[in-house]
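Visitor: For reference, the structure I am asking about is given below.
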Amino acid sequence: MELSTTEFIEKYAVKRTGTNSLKWDALDQRYGDPDLIAMWVADMEFKVPEAVTTALTERVNHGVYGYSYTPDSYYEAYFAWQEKRHNIKLEKDWLRFDTGVVNSIYGLVNTFTKPQDAVLILTPVYYPFHNAVLDNHRQLVTSELVNDDGHYTIDFKDIEAKIVANKVKLLIQCSPHNPVGRVWTEAELKQLLAICQRHHVLVISDEIHQDIIIGKKPFVSALNVAHGRYRNNLIVVTAPSKTFNLAAMLNSHVIIPSDELRQRYDTFHKQINQTEVSVLGQVAAEAAYRAGGEWLDQLLNVVRSNYEYLRTELVAKVPAIKVADLEGTYLAWLDLRAVVPADLTKEFIQDECHLAVDFGQWFSKNDAGFVRLNLATEPKYVHAAVANIINSLAKINETRAISAAE
Ligand SMILES: Cc1ncc(COP(=O)(O)O)c(C=O)c1O
């Protein structure tokens, strides 16, 4: 049954405090204030689709969690989802499982580069990309996306120059892009992949946000660019964790179409990773891929309406705040630099607005003054966040006006 946005929220929204939730229960530890509204880390205040809860309950009621393998039914459900939603045709041989996309990126950096090799990322970008390079003692090379009034594009010339100058070996790409909200077009991806192929730069495409499409542009997987022309120079990582709020279920995918790259991956991983699959993670994901489509469509409507509210209110009341276009992901990216000095953003957001957010400088050293807000939540939190920003700015301006008059 199709639910309206209000009905979806009534049915699925849930209070998360008291569940060891990183987002809500670690506020004091992470931000030094337990009473902030948690709009940071990318998970949601919504329960998973009912079919997922039913499948997990049945499995839990069986009561045994011995070593398991991935059944054919899992591949069927996942492949059907990929084909129906994204026109991606996968093959069983290409697929490897992991306990999370970040974990995979760390593993891939180790598999395909050596210490001190240069790895390129397009900033601002999800901060574990930076960490995966730096923690493994590789050289971090960044190319800033071009920000045109909240619409971001890729600086291809800069990328090619940096690849050549630094002898870059690997590019880690985010598609759709966290935090700037871009869904890259096939033309953009083709240009990027062609540059990488020309200079023998392997590409990891992190497509974890592929199902969170908010605007009109369709998601295009790197696997499908130019009818698959770049597949042999490509590894795609995905998971059901963003789509269906399953992050702690620790089940993710590494897709490697190239026989040669897959062999290198297998050889390396044999040395360090003997983990079997996460049985509950796969039970949950299979049920979600099979029966979670309607739930996802309704969730996306909630995110769209939260984003519309945020953007409309801020444009009307504080037009100097720039809200980036949200084509994909459920993460809004705000540029506050015109209203708050960049070095005071933290004080403003936490002490005045009472919000826990991801700060811009976590994503790029150049982006102090930006904040990322998670919109996969109940509208009441988005409304409160927007009201707190507007009212706190009004208060600051009032104080300034009074002191100017004195
Ligand atoms: C681009 C991107 N990759 C990976 C992750 C995390 O994936 P996982 O929990 O599977 O490690 C996130 C979470 O926000 C993300 O935004």
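The values are calculated or read from the model by the stated rules, or taken from the named source; none is laboratory data. For clarity, every value in this text was computed on a predicted model and none was experimentally measured. Note that we place each Cβ from the backbone using ideal geometry, even for glycine, and neighbour counts take in every protein chain shown. Surface accessibility is based on the protein's heavy atoms, side chains included, excluding ligands, DNA and RNA. Shrake-Rupley method; radii C 1.70, N 1.55, O 1.52, S 1.80 Å.
Visitor: Among the numbered criteria (1) β-branched (Val, Ile, Thr); (2) more than 16 Å from the ligand (Cβ to nearest atom); (3) under 30 Å from ASN166 (Cα atoms), which single criterion is violated by VAL101?
Guide: (2)
Visitor: Among what's in segment 103-129 and is part of a helix (DSSP H, G or I) and either touching a strand residue (DSSP E or B) at 6+ places or on another chain (Cβ under 6 Å) or small (Gly, Ala, Ser) (or both), pick the residue that is farthest from VAL371 (Cα to Cα).
Guide: My answer is PHE112.
Visitor: Checking ARG311 against (1) within 16 Å of the ligand (Cβ to nearest atom); (2) open to solvent by 50 Å² or more (accessible area, probe 1.4 Å): exactly one of these is not met. Which one?
Guide: Only one criterion is unmet by ARG311, namely (1).
Visitor: Sticking with this one: Exactly one of these conditions fails for TYR67: (1) of a type outside the set (A, V, I, L, M); (2) at pLDDT 95 or above; (3) closer than 29 Å to GLU276 by Cβ. Give me its number.
Guide: Among (1) of a type outside the set (A, V, I, L, M); (2) at pLDDT 95 or above; (3) closer than 29 Å to GLU276 by Cβ, TYR67 violates only (2).
Visitor: Filter segment 114-136 for residues that are open to solvent by 10 Å² or more (accessible area, probe 1.4 Å) and of a type in the set (Ser, Thr, Tyr) and give the result.
Guide: Listed by number, the residues that qualify are TYR126, TYR127.
Visitor: Exactly one condition in (1) out of contact with any Gly (no Cβ under 8 Å at 6 or more places or on another chain); (2) open to solvent by 60 Å² or more (accessible area, probe 1.4 Å) is false for LEU250; which is it?
Guide: (1)
Visitor: Condition first: within 14 Å of the ligand (Cβ to nearest atom), under 25 Å from TRP295 (Cβ atoms) and not polar (S, T, N, Q). Can you find one or more residues in segment 219-234 that meet it?
Guide: Yes, segment 219-234 contains at least one residue that is within 14 Å of the ligand (Cβ to nearest atom), under 25 Å from TRP295 (Cβ atoms) and not polar (S, T, N, Q).
Visitor: Output yes when any residue across segment 78-100 is part of a helix (DSSP H, G or I), crowded, with 18+ Cβ neighbours inside 10 Å and in contact with a strand residue (DSSP E or B) (Cβ under 6 Å, 6 or more places away or on another chain), and no when none is.
Guide: Yes, some residue in segment 78-100 is part of a helix (DSSP H, G or I), crowded, with 18+ Cβ neighbours inside 10 Å and in contact with a strand residue (DSSP E or B) (Cβ under 6 Å, 6 or more places away or on another chain).
Visitor: Is it true that LEU344 is crowded, with 24+ Cβ neighbours inside 10 Å and outside the structural domain of ARG182 (by TED's automatic domain parsing)?
Guide: The answer is no for LEU344.
Visitor: Quick check on segment 204-236: of everything there that is aliphatic (A, V, I, L, M) and part of a helix (DSSP H, G or I), which residue is surrounded by the most Cβ atoms within 10 Å (Cβ to Cβ)?
Guide: ALA222
Visitor: Restricting the search to segment 159-177, which residues are in contact with a strand residue (DSSP E or B) (Cβ under 6 Å, 6 or more places away or on another chain), outside any strand (DSSP E or B) and buried (at least 16 other Cβ atoms within 10 Å of the Cβ)?
Guide: Passing the criteria: ILE159, LYS162, SER175, PRO176.
Visitor: Find the residue count for segment 350-371, including only residues that are in contact (Cβ under 8 Å) with a residue 24 or more places away in the chain and within 13 Å of ARG30 (Cα to Cα).
Guide: Of the residues in segment 350-371, 5 are in contact (Cβ under 8 Å) with a residue 24 or more places away in the chain and within 13 Å of ARG30 (Cα to Cα).
Visitor: Within segment 188-203, is even one residue farther than 21 Å from GLY360 by Cα, open to solvent by less than 10 Å² (accessible area, probe 1.4 Å) and part of a strand (DSSP E or B)?
Guide: Yes; the residues of segment 188-203 include at least one that is farther than 21 Å from GLY360 by Cα, open to solvent by less than 10 Å² (accessible area, probe 1.4 Å) and part of a strand (DSSP E or B).
Visitor: Name the one entry in VAL133, VAL141 that is free of Cβ contacts under 8 Å to residues at least 40 places away in the same chain and part of a helix (DSSP H, G or I).
Guide: The conditions single out VAL133.
Visitor: Inside segment 212-238, can you point out the residues that are without any contact (Cβ under 8 Å) to a residue 12 or more places away in the chain and of a type in the set (A, V, I, L, M)?
Guide: Across segment 212-238, there are no qualifying residues.
Visitor: Pick from LEU334, LEU326, LEU296, LEU300: which is under 30 Å from PHE79 (Cβ atoms) and not in a helix (DSSP H, G or I)?
Guide: LEU326 is the lone residue from the list that is under 30 Å from PHE79 (Cβ atoms) and not in a helix (DSSP H, G or I).
Visitor: Checking TYR69 against (1) open to solvent by less than 50 Å² (accessible area, probe 1.4 Å); (2) out of contact with any Lys or Arg (no Cβ under 8 Å at 6 or more places or on another chain); (3) more than 24 Å from TYR126 (Cα to Cα), which test does it fail?
Guide: All conditions pass for TYR69, except number (1).
Visitor: Regarding GLN350, is this residue crowded, with 17+ Cβ neighbours inside 10 Å, under 24 Å from ASP43 (Cβ atoms) and touching a Ser or Thr at 6+ places or on another chain (Cβ under 8 Å)?
Guide: no
Visitor: Here's something else I'd like to know. Contact list please: Cβ distance under 6 Å, first residue in segment 150-179 and touching a residue at least 24 places away in the same chain (Cβ under 8 Å) and more than 19 Å from LEU202 (Cβ to Cβ), second residue open to solvent by less than 10 Å² (accessible area, probe 1.4 Å) and among the basic types (Lys, Arg), pairs at least six apart or on different chains.
Guide: Going by the 6 Å Cβ cut-off, the qualifying pairs are TYR152/ARG182; PRO179/ARG372.
Visitor: Find the residue count for segment 294-325, including only residues that are over 15 Å from TYR12 (Cβ atoms), more than 19 Å from the chain's Cα centre (by Cα) and not basic (Lys, Arg).
Guide: 12
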